[in-house]
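Notes to accompany the following structure.
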Amino acid sequence: MAGQEREHYDRLAGSYNENWAHSPEFIGWMMGQILDRLQVRPGDRVVDLGCGTGLYSRGLAERAGRVVCVDPSAGMLGQLPGGEAFVPVQASAEDVASERVRLPDERVDAVLVKEAIHHVGDRTAVIGGLAGLLAEGGRLLVVMLPVTIAYPLFAAALEAFERMQPDPDDIASLMEDSGLRATVAYAEFPLSFEKQRYLGMVRDRYMSLLSEFSDAELEQGIAEIDERHHGELLEFGDRFAFVLGVNG
């Protein structure tokens with residue numbers, strides 16, 4: 001993660017959970033998707049790579065008993081729940097994959113990378129390094145947005161997203177090249193926002209790609225969203241790709 005992105009998440013840390021607290025149904029749905037696909041079991045050695053404030057580390061810890069929470073942002077890690085079930089490690093995906101930063105366990109059973117793979121520059125090296133950390137039967141789950149999204153963003157933001165977002169099929173190919181058995185599946189959750197709340201989230205740059213825009217550009221984009229969507233409610237599907245690699 002580049003310095004600008006780390007600063008973005010450090011700044012966002014205090015309000016990050018508030019941006020999603022509107023929908024415990026979404027968090028519960030996503031947690032179920034992750035647990036079902038990652039097949040987390042009690043006693044598994046689990047890593048939440050790019051954990052943020054630990055929104056999904058909580059569910060992982062409830063199932064496994066302990067989760068290593070990795071994030072390059074000290075601000076995000078500072079929002080983790082207390083207790084021995086959460087082991088914070090300040091590091092990037094590159095640090096972990098190259099073993100510049102050692103995890104508490106030499107081999108792990110499950111690694112979650114949720115909406116963080118687009119921050120990785122050398123994805124070949126990172127996917128290969130993470131595959132090398134998996135124990136026999138270990139699972140690597142990359143949760144990511146597809147290459148196009150239905151979010152009610154302004155045109156320039158959607159264009160930037162499509163330019164920057166990696167293809168899930170390419171991530172699966174990297175897993176296969178690293179010796180894992182890879183599959184790609186999709187699932188969608190219906191979202192509904194009060195328009196003013198969503199515009200506030202955009203203004204707060206709730207997606208990292210929005211940090212690419214100046215304050216003036218962002219305000220222009222918000223006006224574009226407001227003009228395009230006339231009602232007071234924004235409804236759209238949040239579609240995710242789940243790329244799973246299994247060792248053995």
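The values are calculated or read from the model by the stated rules, or taken from the named source; none is laboratory data. Predicted, not measured: the structure shown is a model, and the values here were computed from it. Cβ atoms come from the backbone with ideal geometry, glycine included; neighbour counts cover every protein chain shown. Quick note on the areas: whole protein, heavy atoms, side chains included, nothing else; ligands and nucleic acids left out. Shrake-Rupley method; radii C 1.70, N 1.55, O 1.52, S 1.80 Å.
The mean sequence distance of close C-alpha pairs (under 8 Å, at least 6 residues apart), as a share of the length of the chain, puts its relative contact order at 20 percent. Taking the DSSP beta bridges with both ends in the chain, the antiparallel portion is around 50 percent. Under the criterion of Cα pairs below 8 Å and six or more residues apart, the relative contact order for region 112-248 equals 40 percent. The shape of region 94-248 can be summarised by an equivalent ellipsoid whose semi-axes, obtained from the alpha carbon gyration tensor, come to 35, 16, 13 Å from longest to shortest.
Ordered from highest to lowest accessible area with the whole protein assembly present and a 1.4 Å probe, VAL142, VAL87 read as VAL87, VAL142. Backbone phi angles across region 32-43, fed through the Karplus curve with coefficients 6.51, -1.76 and 1.60 (θ = phi - 60°), yield HN-Hα couplings of x, 4, 5, 5, 5, 7, 7, 6, 6, 10, x, x Hz in residue order; Gly and Pro are listed as x.
Per residue, the solvent-accessible area of the chain (1.4 Å probe, heavy atoms of protein chains only, all protein chains present) comes to 44 Å². Quotient of the Cα radius of gyration of region 36-121 and 2.2 N^0.38 Å, N being its number of residues: 0.98. Would you work out if region 63-109 is rounded, prolate or oblate? Take a ≥ b ≥ c from the square roots of the eigenvalues of the alpha-carbon gyration tensor; rounded if a/c is under 1.5, else prolate when a/b is larger than b/c, oblate otherwise. It is oblate, given that a/c is not under 1.5 and a/b is not larger than b/c.
Counting only protein heavy atoms and a 1.4 Å probe, tell me what percentage of region 25-171's accessible area is made up of carbon and sulfur. Walk me through the intermediate numbers first.
Values: 2660 of 5740 Å².
Whole-percent figure for carbon plus sulfur exposure: 46.
When the helices in the chain are scored as -39500 (n - 2.57) per DSSP H run of 4 or longer and the sum is shared across all residues, what 222 nm value do you end up with, to the nearest 500 deg cm²/dmol? Helix-only estimate at 222 nm: -12500 deg cm²/dmol. Placing R0 at 30 angstrom, the Cβ-Cβ distance between HIS229 and HIS118 gives a FRET efficiency of 0.70 after rounding to 0.05.
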